[in-house]
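The values are calculated or read from the model by the stated rules, or taken from the named source; none is laboratory data. This structure is a prediction, so every number in the text was calculated from the model and none was measured. With ideal geometry, Cβ positions are generated from the backbone for all residues, glycine too; neighbour counts draw on all protein chains shown. Just so you know, the surface numbers come from the protein's heavy atoms only, side chains and all, with ligands and any DNA or RNA stripped out. Shrake-Rupley method; radii C 1.70, N 1.55, O 1.52, S 1.80 Å.
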Amino acid sequence: MKQMTSAEIRDTFLNFFASKGSQIMPPQSLVPVNDPTLLWINSGVATMKKYFDGSVTPENRRMTSAQKSIRTNDIENVGRTARHHTMFEMLGNFSIGDYFRTEAIAYAWEMLTSPDYFDFPADKLYVTYYPDDKDTYNRWIEVGLAEDHLVPIEDNFWEIGAGPSGPDTEIFFDRGETFDPEHIGLKLLADDIENDRYIEIYNVVLSQFNADPSVPRSEYKELPQKNIDTGMGLERMTCIIQGGKTNFDTDLFLPIIHEIEKLSGKTYDPDGDNMSFKVIADHIRALSFAIVDGALPGNEGRGYVLRRLLRRAVMHGKRLGIEGKFLSKLVPVVGKIMESYYPEVAAKADYAQKIIDREEESFGRTIDAGQKLLDEKLAQLKPGETLSGKDIFQLYDTYGYPVELTEELAEDAGFQIDHAGFEAEMKAQQERARANAVKGGSMGKQSETLSKLTEPSIFLYDATTAEAKLTAIVQDDTRVEMAAGEALLVFDKTPFYAEMGGQVADHGVIKDVNGTIVATVTDVQHAPNGQNLHTVETQAELKVGETYMLAIDTVRRDAVMKNHTATHLLHAALHHVVGDHALQAGSLNETDFLRFDFNHFQPVTPDEIEKIEHIVNEKIWENIVVETRTDYTVEQAKAMGAPALFGEKYTGQLRTVIIGNERPLPFSVELCGGTHVKSTGEIGLFKIIHEEGIGSGVRRITALTSKAAFAYLDNIRKEMETIAENVKAQGDAASTRAKVVTLVEDLKQAQKDNQELSGKLAASQSDEIFAHVETAASGTTYIASEVSVPDANSLKQLADLWKQKKSSDVLVLVTKLSEGKVSLLVASSSSDHKAGDLVKVLAPAIDGRGGGKPDLAMAGGTKQAGIAELLNQVPQTLANA
C-alpha cells in the first residue's frame, strides 16, 4: 500500500478515472443551485441529478469528481466517533448510460490493488453485495476477489423514493485484529456491527431500475439508460493510507488541531479525551467552506446549521480553556490544507474570518443569555429536584451549551438531571432532520422518449422569425409523426429562447407556408440532449418533416431583454456598493419585473439602495454598447472580471456579455447565454421596489425597468398629489413634506395629552378599585376588578399606583377594548405567586394568551363574555398555587 498525502489520494483517484475516459468535473458549491430539494450538497451524486434522471444529457457520459459535501443529521456524533464529520469530501465516478457492472467492478479492483495506483493488498479487501444480485457476485470472483471475502447484505440496495435505484456493492478494508479486541471477525461486517476494523472505502451503486414505491422491488422496470455512481470518502481513505487511529489523525485535520493546541495551551492525545479538538477541527472546516460558498449563519435553514456549528465549536473552545474569539484564526489553516484543489478558501479567508468574528462576538452575548436562562431554571427548582430534559435540550439547541456542561453545572449546584428526557428530545430532532434530508432527495424518473431525441437543433440568437423544419413531435411521452392539441416540438433551427439562466422562455406562434397560425408556443425548455423543446397548443394538425414559419413575441422578448441586461448592471453595482462577495445566488428576468438574489450578510441599507439605483441609471443614460463576444475562453472572461457562477455550465460556444470600456476592466463582464439589448439606453429607467432576506446570507432585490418603472414612479406621483390635497398642502414636495411633519407633531402632542388624561382617569378610579381587597384561602390578599380605561397602557398606570400604595399581594385588572378585544393585567408582589404563571392560568377564560415577568404580566383576548368567569377564577387560582 502506497503512502500518500490527502492531495495525492485525490489526484490518484481523479487521474485513474480520467485515464478511463472520464471527464474531471469541477467541484460545485455546497449551496445547491436550482435545487430546492436539498439544504446542502450532501454527496457527489447530488450534483449529477440532472444527468441521472435523464433531464440533461452530459457531453461526456463518463465523469469523475471530488466534491465537498455537508451532512448534519448526526452532528452530536462528531468528535465522539472515529469517522463522523459535518463536511467531508466525496471522490466519485459516474457513468451515464455508458459502461455498467462489468467495467465498474473491474475499475474498482484495478484502482485499489494495482501498484500503479493505491496498491492495496487484495487479502485486506472485503466486499458486500445485494443477495439477489448474482451478476455482481460473479463479477467480483472474475476480477480476482476470493469467495470468502464476499458478504451478502440485504440492505445493499440504493433507493430514495421514486426514480433511479439499484443494488450496490461496498468495498471494505480490514485494519486487522488491533481494531477488533474481542476477535469477532467477519461477523462485524455480516451483521452490520459498528466497528473500527472493517472500514468502507469505496461504494459502487448500480443504478438500473426506475423505483416505484407503489409496486414490489421485484417489479421495478429497468431504466432506459443504466448508470454507475461510485463514492470514496477522502477522509476515510486518508486515514487508512496514513495509518491514523481516526480520520482526525491525518494531514486533513492535524494542522488545525496543532493550531488549536497553540491557542489552548493543551496537548492533543489521540488516545485520550480529545473530543473538543475534533469538534473544533471538523466544524471550522465546514464553516470556512460554507461561508466562502455564500452561506451565512442565521436562524433558519442553512444559516441555523452554521450558527449551531459555530456555537458548538466555541463552547468546546471554552472547555479547552480558550477565552475570547479564536475560531477565525483557524480559517487560514483550513485554506492552506485545501488550497491545491479548493483555492477559494484561502483566497476568501479574510471574508470568512470577518463573518466568523461577527458571529462569535454575537454568540458571546448569547452565552450570557443562556447562562441567565440556566440560572433562572435552577432558581425555580428546590435542592435535589430534577432539571428537565426539555430545558437541557433548549440550552443545547438554542444557546449552544454542550449537554455535559449544563449537567455538570446543575449537578454541582445539587440538582438531579433528566438525561433520558434530553436524549428523547435529541432523538426527536434527529428524526426531524433525517426526514428533511430524505424529503425531495430522490431523482425524477427518466423519460426514455426525450432522452432519445437526437435530432440537432440550432438556436438563432439574433433572429425573431425563422423558417424551420419540424423534426420531432412528442405527445403523451410518445414520439409521433403528427399531432393536434398540446404537444412538444423540435425544429432544426429556432428563434425561440429556451428558459435558462434566469431568463424566461420566449412565447409566440407557428405558421404554415400560407401564413396561417397553426400553433401557439407557450413554453420552451431544453430537452435532455440540449435541443429547444417547444410546448405548443395547436390550431391545426402538425406533421414531422413539414416546414413552418416560427415567430416570437417581440414585445415580450424586448421587455425580458431589458430586465436581463439591467440584472447585469445591478450585479456590477452591488459589487461597487456592498462588496465583491455579493455574488448571484439566483435570478428571474420576467416581462414586467426582474428579481436578483445575491450573497450578503445583512440588509442593504436605504443609502446603499439609493447608490445602487444611481449607478445603474447612470450606466443606462450613458447608452453604453452591450457587446457579446464568442471568442473568449472561460479563463479570458474571468481575467476580465467575469464571475463564474456555481451551477452554470460553460461549454460549447462561450458567450461573454461586456458592458462598458473602462480600464483596466469593463463595468460589467458576465458569462451569459441569454439575450440582451444592443445598448443600455434601451432600458430607459431602473427602479428598485423591494429588498428582503430570503434565507440565511441571501438577499433579494426586486426591480422594474422601462415602462414598468415609469408607471411605478408615476403612481407614486399621483399618490403624493392625493396626499398633498388631503393635507391641504400647496402641491410641491417641500410644502407637502412640511405639512406632514406639522401634522405628525400635532398627533404626537395629542397622543401625549391623551396619555396624561388616561393617567388622570386611572388615578380617579384607583381609590375605589383598591378599596376592594379580598383574601384567598391561602391567605394571599388580592384585588380583582373589571375597569373602564381606554387601553392596556392605562392598566399599567393603575398597576404603578397599586405598587406605590401596596394595597394587596396580587392585582388582577381586566378591561374591554374596541372590536370585542380584552386586555388583562396581573401584578404580584408575592414570591409565592408569579404574575407570569397566573396570567397563563387566567387568560384562557377570555380566549387569550400572554406572559411576562414574575412581578408583571399581560395578556390579550377576544372573548369579552369570559371576563366574569376570569374574575371568579382568581381566588381559587391563588388558593391552589
Tensor-based shape of the stretch 679-790 (alpha-carbon gyration tensor, a/c under 1.5 rounded, otherwise prolate or oblate): oblate
Residue-normalised accessible area of the stretch 70-135, expressed per residue, 1.4 Å probe, Å²: 34 Å²
Compactness of the stretch 736-881 as Cα Rg over 2.2 N^0.38 Å, two decimals: 1.15
1.4 Å probe accessible area per residue over the stretch 780-819, in Å²: 47 Å²
Stretchable slack from Arg365 to Ala734, in nm (0.36 nm times residue separation minus alpha-carbon distance): 128.4 nm
Theoretical FRET efficiency, 1/(1+(r/R0)^6), r = Cβ-Cβ of Glu541 and Glu869, R0 60 Å, to 0.05: 0.20
Potential extension, Glu147-Lys853 segment - 0.36 nm per residue separation minus Cα distance: 247.0 nm
Peptide ranges 777-785, 47-55 listed from the most packed, as the mean C-beta count within 10 angstrom indicates: 47-55, 777-785
Chain lengthening between Asn880 and Lys187 when straightened (0.36 nm per residue, less Cα-Cα): 243.4 nm
Signed unit charges on C-beta, dipole axis of the chain, positive-most listed residue Thr81, Ala843, Thr238: Ala843
For Val626, distant residues with modelled amide H under 5 Å away: Ser679, Thr680
Packing-based ranking, highest mean first, of 236-245, 565-574, 209-218 given that Cβ atoms within 10 Å are counted: 565-574, 236-245, 209-218
Calculated FRET efficiency for the pair Lys336/Tyr117, C-beta based, R₀ 22 Å, to 0.05: 0.25
Cα-centred dipole magnitude for the chain, charges only on beta-carbon of K, R (+1) and D, E (-1), debye, nearest 20: 2000 debye
Cα-projected label distance for Glu448 with Asp251, points at 7 Å along beta-carbon direction, nm: 4.9 nm
Nearby lysines by direct alpha-carbon distance to Lys354 (threshold 27 angstrom, same-chain neighbours under 8 apart not counted): Lys68, Lys262, Lys266, Lys278, Lys318, Lys325, Lys329, Lys336, Lys611, Lys638
Cα gyration tensor category, rounded, prolate or oblate, for the stretch 239-325 with a/c compared to 1.5: oblate
For the chain: rounded, prolate or oblate by the Cα gyration tensor [a/c cutoff 1.5]: oblate
Greater than 25 Å apart at Cα, pairs in Lys124/Lys221; Lys760/Lys805; Lys187/Lys245; Lys739/Lys816: Lys124/Lys221; Lys739/Lys816
Helix-only CD estimate at 222 nm, as mean residue ellipticity for the chain, using -39500 (n - 2.57) per DSSP H run (n ≥ 4): -12000 deg cm²/dmol
With every protein chain in place, the stretch 742-876: carbon and sulfur % of accessible area (1.4 Å): 49 percent
List Ile716, Ile9, ordered by accessible area with a 1.4 Å probe, largest first: Ile716, Ile9
Percent accessible area from carbon and sulfur atoms, the stretch 556-694, protein chains only, probe 1.4 Å: 48 percent
Ordering of 551-557, 388-394, 666-672, 822-828 by packing [mean C-beta count within 10 Å, highest first]: 822-828, 666-672, 388-394, 551-557
Carbon + sulfur, % of accessible area of the stretch 154-265 - ligands and nucleic acids excluded, 1.4 Å: 48 percent
Asp196-Asp35 pseudo-label distance in nm [points 7 Å out on the Cα-to-Cβ vector]: 3.4 nm
